[in-house]
1. Using the Karplus curve 6.51 cos²θ - 1.76 cosθ + 1.60 with θ = phi - 60°, work out ³J(HN,Hα) for each residue of the range 298-314 in order, rounded to whole Hz, and write x for Gly and Pro.
2. How much length is gained on full extension from F305 to R383, taking 0.36 nm per residue of separation minus their Cα-Cα distance?
3. Please find the FRET efficiency linking D245 to D175, where r is the Cβ-Cβ separation and R0 is fixed at 25 Å, and quote it to the nearest 0.05.
4. If each of E334 and V369 carries a label point 7 Å out from its Cα toward its Cβ, how far apart are those two points in nm?
5. Mark the label point 7 Å from the Cα of T24 along Cα→Cβ and return the residues of the range 56-81 whose backbone N is within less than 17 Å of it.
6. When only DSSP loop residues count, what chymotrypsin sites (Phe, Trp or Tyr not before Pro) in the range 1-48 have their Cβ near at most 15 other Cβ atoms within 10 Å?
7. When all alpha-carbon pairs of the chain are counted, what percent fall beyond 40 Å?
8. Please give the length that would be gained between N82 and E10 if that part of the chain were fully extended, namely 0.36 nm times their separation in residues minus their C-alpha to C-alpha distance (nm, one decimal).
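The numbers here are math on the coordinates, done by the rules we state, and not lab data. Please read these numbers as outputs of a predicted model, since none were measured by experiment. We place every Cβ from the backbone using ideal geometry, glycine too, and count neighbours over all the protein chains shown.
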Amino acid sequence: MRKIAITLPEFFDGEGEAITKLLTEGGYERVHIRKPGASVKEVKSLVKNIPENLYTLLSFHDHFNLAMEIGIGGIHLNSRNNTIPTGWNGLVSRSLHSMEEIADQGYDYAFLSPIFPSISKPGYKGNFNSEDLRSSVNERIFALGGVTPRRFGEIEQLGFGGAAMLGYAWKRNLDMKAFQLQFITHPVREMSITEEVEKVLSGGCRWVQLRHKDADESTLLEEGREIRRLCDRYGAVFIIDDHVDLVKELNADGVHLGKNDMPLAEARRRLGMRRIIGATANCVVDIERAAAEGADYIGLGPYRFTTTKEKLSPVLGIEGYRDILSECGCRNIELPIVAIGGITAQDIPALMQTGVNGVAISGSIIKSVNPVWTTMEIISEIRK
Ligand SMILES: Cc1ncc(COP(=O)(O)OP(=O)(O)O)c(N)n1
Ligand SMILES: Cc1ncsc1CCOP(=O)(O)O
Ligand SMILES: [Mg+2]
């Protein structure tokens, strides 16, 4: 499948490197720099972090004179900039929103949108039916809107030349090794929340969730700042339970949301594509819904009864995990899944056999005699 990425409208740290990676390792043939409202200076400083030999694989949606000046390979015409500059001899692309526009002249390739429901703009649905698409599109037309690799077969069958991705291209790849053990904080008498985190990190855990029910905002901010520092020191992922509005302030990597929390689409709108959003599930329908709403991973549970959480959903047991994971396989759901709820080191071999990618644990670590050793034991069970 031919793939083109379009940048997110906002700049983000490490974006030049991310663009370089898509072009050199990610299988994308071009990246479109689309930053509405950005100044020449801002766009220049973005491309400065991309090797010059890749400039021909970039297309600008604005600042066409800069594109000419520095040897950018393409320009993209749109309502803001709809004139090809004199002397331009690079590629010209454009956006199309109706079948009729496909017949227009004056472009090398074009993006037709929206084809599927958007992942970066929740609420935006596909606009065309398959029959019309099949009879109208051709190899110069790239499908845009809601495109993920799961749609590639369909896109090819419809006769598109390739896929253009905005939301999916910039989703963070989860570190699947770190994902194997998610430690969830829980207040205990013996130590503070940040001491819990220090212990699990020194035992090898690389994914921490700050979950402190009933804590006020200033406590969460104080704990969150310290956990951020600790996670940076160990190269660990830091997510926060429930509190979408604290994610940016704490520079957390993301948030975990359940059914009674902020809707995933609203959280995605507020946090953008670069933060991780985890979702709670108790059955395959929950997982499918969370996948459609753009979750990055699933916390599936509870495995067994636990006192760490009130108002538990029905306990799944090992059979529940087997059934749900096999159904996910049948339905082609590829979201990473952690098992959660009352899990101990002894449960891990059977749980990992069901196909989950990791476990999320609180009580059996912090209530153990030596949380550092227990963390090490759990990790070694997972990696056996
Ligand atoms: C990894 C993981 N899975 C599930 C949960 C539970 O989230 P939620 O259903 O929102 O319940 P609370 O944790 O908010 O009580 C989780 N936190 N983490
Ligand atoms: C947050 C949460 N959601 C389902 S069970 C659970 C608690 C996990 O903690 P423990 O490992 O102590 O059961
Ligand atoms: Mg919650």
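1. 10, x, 9, x, x, 5, 9, 4, 8, 8, 5, 10, 8, 6, 6, 6, x
2. Taking F305 through R383 to full extension adds about 25.6 nm, to one decimal.
3. Result of the calculation: an efficiency of 0.50.
4. Result: 4.5 nm between the two label points.
5. Answer for the range 56-81: 56-58.
6. Here the sparse-neighbourhood loop sites are F11, F12.
7. So the pairs more than 40 Å apart make up 24 percent of the total in the chain.
8. Extra length available between N82 and E10 comes to 23.7 nm.
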